[in-house]
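Here is the structure we will look at.
The values are calculated or read from the model by the stated rules, or taken from the named source; none is laboratory data. Note that the coordinates shown come from a computational prediction; the quantities given were computed from them, not determined experimentally. No Cβ is skipped: glycine too gets one built from the backbone with ideal geometry, and neighbour counts run over all protein chains shown. For the accessible areas, the whole protein counts, side chains as well, though only heavy atoms, and no ligand, DNA or RNA atoms are used. Shrake-Rupley method; radii C 1.70, N 1.55, O 1.52, S 1.80 Å.
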Amino acid sequence: MMSNRRFNVLFLCTGNSARSILAESIVNRLGGERFKGFSAGSHPRGTVHPYAIDLLTSLGYPTADMHSKSWDVFAVAGAPTMDFVLTVCDDAAGEACP
C-alpha cells in the first residue's frame with residue numbers, strides 16, 4: 001500500500017552555502033509530491049555561494065527561497081518535522097561537521 005505522505009529531508013553542512021543548498025534544491029525539483037528538501041548549517045555563512053545559485057539557475061532548479069540558515073531554525077516549535085537528516089560534509093575529520 002502506497003502512502004501519499006510527503007517526507008521532509010534536511011541536509012546539514014557546516015556553512016549552508018553550497019552543498020546542502022544544492023541538495024535541497026535538487027530534492028525540491030525531483031522529489032515531486034513525495035519529498036520536500038530543507039537545508040541548514042552548524043555555522044552558517046549567512047549567504048549562499050554565488051556559484052551554487054548560478055549552477056542551479058543554469059540547470060533550471062529552484063533558487064527563489066534559498067538562503068543560508070542555522071540548524072536552530074528546525075529546533076523550534078512549529079518547525080517542520082524531519083523524516084530524514086543527512087550530512088553532506090566534505091571532510092568529517094577536518095571540519096566542524098554537524
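Observations, loosely collected:
- Candidates ILE53, ILE21, ILE26 - the one that is open to solvent by less than 40 Å² (accessible area, probe 1.4 Å), in a helix (DSSP H, G or I) and of a type in the set (A, V, I, L, M, F, W, C): ILE21
- Note on the stretch 29-50: among residues that are out of contact with any helix residue (DSSP H, G or I) (no Cβ under 9 Å at 6 or more places or on another chain) and assigned to a loop (DSSP other than H, G, I, E, B), the one that is nearest to SER3 (Cα to Cα) is ARG34.
- Scanning the stretch 64-74 for residues that are closer than 15 Å to ARG19 by Cβ and open to solvent by less than 40 Å² (accessible area, probe 1.4 Å) gives MET66, SER68, LYS69.
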